[in-house]
Amino acid sequence: MKIAIIGAGAIGGYVGAKLALAGEDVTFIVRGANLDAIRGNGIKLITAEGGEQVTSNVNATDRYEEAGPQDIVILALKAHQLEAVANDVPKLFGEDTTVVTMQNGIPYWYFHKHGGELEGTRVHSVDPDGLISERIPVQRVIGCVVYPASELIAPGVVKHVEGDRFPVGELDGSVSDRVTRVSECFINAGFKAPVLDNIRAEIWLKLWGNLTFNPISALSHSTLVDICRYPLSRELAAAMMREAQTIANKLGIEFRVSLEKRIAGAEKVGRHKTSMLQDIEAGRAAEIDALVGSVVELGHLTNTPTPHIDTVYALVKLLSRTMEEERGHVRLRKIA
């Protein structure tokens with residue numbers, strides 16, 4: 001199949017490399033150093049075991065119209081980057097093009113095909129002007145939850161750290177021909193990609209940890225194990241998770257694991273810096289609104305008080321604004 005991957009970062013590069021190695025016709029939509037590296041040398045994947053796989057049978061361009069219509073378009077950008085590409089994505093559409101969304105947090109399409117009194121509600125935190133919904137129609141979308149961890153260690157070079165699970169699902173819970181094709185395509189590339197009948201429940205399960213540990217780590221410059229083992233931060237995380245669980249329950253979501261088990265799972269990851277902490281240290285824009293602001297918004301929509309989430313959201317947003325104004329980054333440095 002013809003597959004376009006918008007973004008060749010840690011996840012996009014990993015997914016694209018595996019799909020190309022499996023024989024799919026892959027085109028990366030990228031810019032800058034990544035574009036030059038992939039055009040010149042293909043994309044290199046360093047496996048979790050330390051081996052190397054290089055695929056040169058990939059295309060790379062920064063011009064959407066050059067890529068042309070695709071069978072599948074994979075949005076491998078962060079949520080706050082979608083608006084910037086929304087006007088160009090339709091250039092990749094054919095009559096039956098499927099769009100697979102790989103963003104963390106509450107997606108822009110969350111209430112489309114949701115049912116109930118909130119059906120069709122726009123999540124302003126992630127789609128403030130409605131541009132994304134307009135240009136990337138929900139009718140084309142297959143939801144996907146990203147569990148693997150990987151790193152872009154150099155232009156065109158991706159290191160896979162762990163995990164291979166990309167569950168997918170139709171927004172209405174049906175098992176369609178197209179979601180089955182996407183699942184089979186991913187499985188053929190070596191991923192675990194079950195078709196779920198409730199992709200939103202899976203989104204919430206991952207978000208449950210992300211909306212707490214990411215901002216706490218960014219503010220405290222601490223790793224997952226540090227947060228989970230320090231009583232005060234552990235209780236803060238639990239309080240935020242209880243607030244989020246109340247919202248999810250009101251939206252018809254039930255978690256298949258307990259709160260304590262979810263925290264224990266994060267603790268087992270060890271001294272891992274969350275993606276938000278890595279972004280803060282590098283001076284990059286972080287996924288604050290998709291991971292935290294969207295939950296605050298859903299709290300308002302469901303009349304659910306979220307005092308702990310609100311406080312953490314305000315602080316991490318202020319940190320982000322200060323970094324942007326000062327054009328700097330924040331990193332913990334050891335005293336010599």
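Just a few scattered comments:
- 3J(HN,Hα) along region 302-313: 9, 6, 10, x, 9, x, 6, 5, 4, 5, 5, 4 Hz, from the Karplus curve 6.51 cos²θ - 1.76 cosθ + 1.60 with θ = phi - 60°, whole Hz, x for Gly and Pro.
- Put in line by how crowded their Cβ is, counting other Cβ atoms within 10 Å and starting with the fewest, M276, M1 read M1, M276.
- Backbone geometry of region 209-214 corresponds, through the Karplus equation with coefficients 6.51, -1.76 and 1.60 at θ = phi - 60°, to 3J(HN,Hα) couplings of x, 4, 6, 9, 5, 4 Hz, x marking Gly and Pro.
- Computed from phi, the 3J(HN,Hα) profile of region 147-158 under the Karplus parametrisation 6.51, -1.76, 1.60 (θ = phi - 60°) reads 9, x, 10, 8, 9, 8, 8, 6, x, x, 10, 10 Hz, with x in place of Gly and Pro.
- Residues D96, D36, sorted so that the one with the fewest Cβ neighbours within 10 Å comes first: D96, D36
- Comparing G42, G13, G252 in a Gaussian network model of the chain (Cα springs below 10 Å), the most mobile by mean-square fluctuation is G252.
- Charge tally for G299 (other residues, Cβ to Cβ under 9 Å; Lys, Arg +1; Asp, Glu -1): -3.
- Three semi-axes of the equivalent ellipsoid, region 2-197, Cα gyration tensor, whole Å, largest first: 27, 18, 15
- Net charge in the neighbourhood of H308 (other residues with Cβ under 11 Å of its Cβ; Lys, Arg +1, Asp, Glu -1) is -2.
- Residues with amide H under 5 Å from that of I74, placed H, sequence gap 5 or more: A4, I5, I6, V100
- Positive end of the dipole of region 109-219 (Cβ unit charges, origin at the Cα centre): among T212, P128, C185, the Cα lying farthest that way belongs to C185.
- Ordered by the count of other Cβ atoms within 10 Å of each Cβ, fewest first, T55, T27 give T55, T27.
Each reported figure results from applying straightforward, stated rules to the coordinates on display, with no laboratory input. In this text, all values refer to a predicted model and were calculated from it rather than measured experimentally. Counting neighbours? That spans all protein chains shown, and the Cβs are built from the backbone with ideal geometry, glycine included.
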